[in-house]
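A short worksheet on the structure shown next.
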Amino acid sequence: MSSHSHDQTVPSAEPRDRLERDAFWERLRHVTPARIGLATTGASLATTPLLDFRIAHARARDAVTAPFDSAAFQAVLASSGQDVLGVSSMASDRREYLLRPDLGRQLAKADHLALAERARPCDLAIVLADGLSPAAVTRHGPPLLEKILPQLTAEGWRLSPLIVVERGRVGIGDAIATALGARAVLVMVGERPGLSVQESVGLYITWAPTGTTTDADRNCISNIWQFGLSYDAAAFRLHGLLKQMFVRRLSGVMLKDDAITDASGRSIDAVEGDDIGFDLQSR
């Protein structure tokens, strides 16, 4: 027997392992927009994911600086029969809004006076602010409200007009609720764009907001968009939190939604259905 018969080369398993690894990451990438399993060249990103990163970064920057057509947005909301009012923060333009977050939390003086003239006892002030992603609230605001408002109206909630805020941050809802005489406030705001998601909104609720209210006094439902939390799930979770908030008369870190199941469960154990109606009529 020749000597070379005992010296046959064993095929490397690396190509097969690499194909399986690539297939594994490809399957995961189909179910998440997150940047996972990126190809590398040595210690650096490969050209394709590097270019994708730069494109995503540019889109995020564009989303933050995009203008907000408040008048057009108000017209869309009004077309569904809602009473809509437009206001603005103390920030004079988008640049100042980004550089001075504090101004985005303050209501313009003229608008504060205008809202005070419209003040009447109400349970919930509803605010829609452009936030850090005007496109997000423009896109998701109307369909999300279609899931939220009918149930609140049917249960007898006293709601404010829809307040559309230009260059607004979450905290501006406190001043709006105070001016309107609302017991609580719901703020829908465009969330900070990221590399994977540029158009998501968050919902923030606050009980008895004042000038000293902090973020610890709020409850947040975030990542609402077509591939995140659905409109139905967000509305269901919001409704549960609002019911608990009005019965317990608090919000923030002391208010948990652990008792609220997901939308498929359709169960809220924290309060009975009739409690909220009685509570609303008693104030």
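Rounded to the nearest 500 deg cm²/dmol, what is the calculated helix-only ellipticity per residue at 222 nm for the chain, with -39500 (n - 2.57) per DSSP H run of length n ≥ 4?
Result for the chain: -13500 deg cm²/dmol, rounded to the nearest 500.
Add +1 for every Lys or Arg and -1 for every Asp or Glu among the other residues with Cβ under 13 Å from the Cβ of Arg27, and state the total.
Spelling it out: positives minus negatives among the neighbours equals -1.
Using θ = phi - 60° and the Karplus form 6.51 cos²θ - 1.76 cosθ + 1.60, what ³J(HN,Hα) does each residue of the stretch 18-32 get, whole Hz, x for Gly and Pro?
Couplings: 5, 4, 5, 5, 4, 5, 4, 5, 5, 5, 5, 5, 6, 10, 8 Hz.
Using packing as a proxy for protection, rank 183-189, 22-28 so that the peptide with the highest average count of other Cβ atoms within 10 Å comes first.
So the order, starting with the most tightly packed, is 183-189, 22-28.
Using Cα centres only, tell me the gap between the stretch 232-247 and the stretch 153-190 in whole Å.
16 Å
Of the options Tyr231, Ala63, Leu107, report the single residue whose Cα projects farthest towards the positive end of the charge dipole of the chain (beta-carbon charges: Lys, Arg +1; Asp, Glu -1).
Result: Leu107.
Evaluate the charge dipole of the stretch 83-282 about its Cα centre and quote only its size in Debye, nearest 20, assuming +1 on the Cβ of each Lys and Arg and -1 on the Cβ of each Asp and Glu.
Dipole magnitude for the stretch 83-282 comes out near 440 debye.
Using Stokes-Einstein with the Kirkwood hydrodynamic radius over Cα pairs, what translational diffusion coefficient do you get for the chain at 4 °C and a viscosity of 1.567 mPa s, in µm²/s rounded to a whole number?
Answer, rounded: 61 µm²/s.
Quote the FRET efficiency, to the nearest 0.05, computed for Leu50 versus Glu155 with a Förster distance R0 of 51 Å and r equal to the Cβ-Cβ distance.
Efficiency at R0 = 51 Å is approximately 0.45.
If a/c stays under 1.5 just call it rounded; otherwise compare a/b with b/c (prolate if a/b is bigger, oblate if not). Do that for the stretch 191-237, with a ≥ b ≥ c from the square roots of the Cα gyration tensor eigenvalues.
Oblate shape, in that a/c is at least 1.5 and b/c is the bigger or equal ratio.
Mind ranking 66-73, 35-42 by how tightly packed they are, going by the mean number of other C-beta atoms within 10 angstrom, highest first?
Highest mean packing first, the order is 66-73, 35-42.
Using C-alpha positions alone, give me the convex hull volume of the stretch 74-129 per residue in cubic angstrom.
Dividing the Cα hull volume of the stretch 74-129 by its residues yields 104 Å³.
Starting with the highest mean, order 166-174, 57-65, 140-148 by the number of other Cβ atoms within 10 Å, averaged over the residues of each peptide.
So the peptides 166-174, 57-65, 140-148, ranked by packing, come out 166-174, 140-148, 57-65.
Where a number appears in this text, it was derived from the coordinates with a stated rule and is not lab data. Note that the structure is a prediction, hence the values are computed from the model and not measured. Here Cβ is always computed from backbone atoms with ideal geometry, including for glycine, and neighbour counts include all displayed protein chains.
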